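Structure first, commentary second.
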Amino acid sequence: MTIAPVQSSTSLGSSGWTDTRLILALEEVVEKELNRHLGVAKEWMPHEFVPWSQGRDFDGVLGGEAWNIEQSKVTPLGRVSLVVNLLTEDNLPSYHHEIATMFGREGAWGTWVHRWTAEEGRHGIAIRDFLLATRAVDPVELERARMNHMSEGFESDNAHSMLHSIAYVAFQELATRIAHRNTGKYAGDPLCEQLLAKIANDENLHMVFYRNLLKAALEIAPDQAMRAIADVVTGFRMPGHGIPGFERAAAQIALGGVYNLRIHHDDVLQPVLRKLHVMEIGGLGPEGMVAQNELGVFLDGLDGQARKFDERQAAMLARRAARRSAE
Ligand SMILES: [Fe+2]
Ligand SMILES: [Fe+2]
């Protein structure tokens, strides 16, 4: 999907909260949410989801068999999507740097940052092991893409503001959840689907953590939080947007129904906005009202764009089906 870069507003208004004051004000909420998270997150073992008996030596040092696309049992859509998902997870060191810089490594914030990093690390490990043991993707291409992508690093669009950062991760964790879940659905491999469902469950818990923080932020600093939400929603980009060949992969992923404008609007933006009653919040100051209004206009426009996408998608799939039946 093509999404414009974030247009940010740094105006704090007359009752402006600085990032430092907000981080302190939210510390108690972070502690409560961290404890809730630790209470509900169940330990799981990535190695249990990898069919090691299917693994064998590759060519090179061990003189095994080179990778060939015939060996891959996942669907072509699953292959593209799994690689995008894995490369996104692989950039974890850069994400850790961004969030540790923003939220700090002290107290409950620090405990959360480290715990979150450890959980995300499990995702990359599990997907890579699965892909290599099952020969689902070209290991050489994968490694080169990883080197390439990580060498670029990740720079947050929202590093200028802690409220923008919280709003972004609330939507982004849900986007990642949906992307993993739908990848599993279309990968054509039940074990892969099971693994991705497990990962998607973790992403959901991450989303809940950040969404609850965003809820608290809306209560503490409603106008500024509303501005942050409006900026983040109108400028949203997936964290993997810097992956080599991302545009092409994203087009395939969109057409295949793993992640597209319709899904982004219906399954990612709307559930968070509805849960927080963002469009119904009253008592805002002039700046908050402007932001809320911008958000409403944007969502209507996005819904229209998604409708056009749905039509193009249906036409393209019908053409493909007709071509196939004529062969
Ligand atoms: Fe993850
Ligand atoms: Fe996550």
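Of GLU294, GLU287, which residue is acidic (Asp, Glu), part of a helix (DSSP H, G or I), touching an Asp or Glu at 6+ places or on another chain (Cβ under 7 Å) and buried (at least 16 other Cβ atoms within 10 Å of the Cβ)?
Values: GLU294 fails: touching an Asp or Glu at 6+ places or on another chain (Cβ under 7 Å).
Going through GLU294, GLU287 in turn, the sole match is GLU287.
Just to check your reading of the model, which residue among VAL61, VAL74, VAL83 is open to solvent by 50 Å² or more (accessible area, probe 1.4 Å), over 20 Å from GLU43 (Cβ atoms) and not polar (S, T, N, Q)? Explain how you work it out, then say what you get.
Details: VAL74 fails: open to solvent by 50 Å² or more (accessible area, probe 1.4 Å); VAL83 fails: open to solvent by 50 Å² or more (accessible area, probe 1.4 Å).
Testing whether each residue is open to solvent by 50 Å² or more (accessible area, probe 1.4 Å), over 20 Å from GLU43 (Cβ atoms) and not polar (S, T, N, Q) leaves just VAL61.
Please work out which residue is farthest from ligand 1 (Cβ to nearest atom), limiting yourself to segment 69-114 and to residues that are free of Cβ contacts under 8 Å to residues at least 60 places away in the same chain and over 23 Å from the mean Cα position of the chain (by Cα).
Per the stated criteria, the residue is GLU70.
Can you name the residue in segment 163-206 that is more than 16 Å from ligand 1 (Cβ to nearest atom) and buried (at least 22 other Cβ atoms within 10 Å of the Cβ) and is also nearest to TYR95 (Cα to Cα) among such residues?
SER165
Looking at GLU193, GLU155, which one is away from ligand 2 (no atom under 16 Å from the Cβ), among the acidic types (Asp, Glu) and touching a residue at least 40 places away in the same chain (Cβ under 8 Å)? Don't jump to the end; show me each part of the working.
Working: GLU193 fails: touching a residue at least 40 places away in the same chain (Cβ under 8 Å).
Only one candidate passes the filter, namely GLU155.
What is the number of the single condition among (1) surrounded by fewer than 15 Cβ atoms within 10 Å (Cβ to Cβ); (2) modelled with pLDDT of 95 or more that HIS265 does not meet?
Failed condition: (1).
For segment 112-137: of the residues being open to solvent by 20 Å² or more (accessible area, probe 1.4 Å) and either more than 16 Å from ligand 2 (Cβ to nearest atom) or in contact with a strand residue (DSSP E or B) (Cβ under 8 Å, 6 or more places away or on another chain) (or both), which is nearest to HIS180 (Cα to Cα)?
ARG128
What pairs come out if I take residues in segment 161-188 that are more than 29 Å from LEU218 (Cα to Cα) and pair them with residues that are β-branched (Val, Ile, Thr) and not in a helix (DSSP H, G or I) whose C-beta lies under 7 Å away, six or more apart or interchain?
Pairs found: ASN182/VAL258; THR183/VAL258; TYR186/THR75; TYR186/VAL258; ALA187/VAL74; ALA187/THR75; GLY188/VAL74; GLY188/THR75.
The values are calculated or read from the model by the stated rules, or taken from the named source; none is laboratory data. Source: prediction; values computed, not measured. Here Cβ is always computed from backbone atoms with ideal geometry, including for glycine, and neighbour counts include all displayed protein chains. These accessible areas exclude ligands, DNA and RNA; they are computed on the full protein's heavy atoms, side chains included. Shrake-Rupley method; radii C 1.70, N 1.55, O 1.52, S 1.80 Å.
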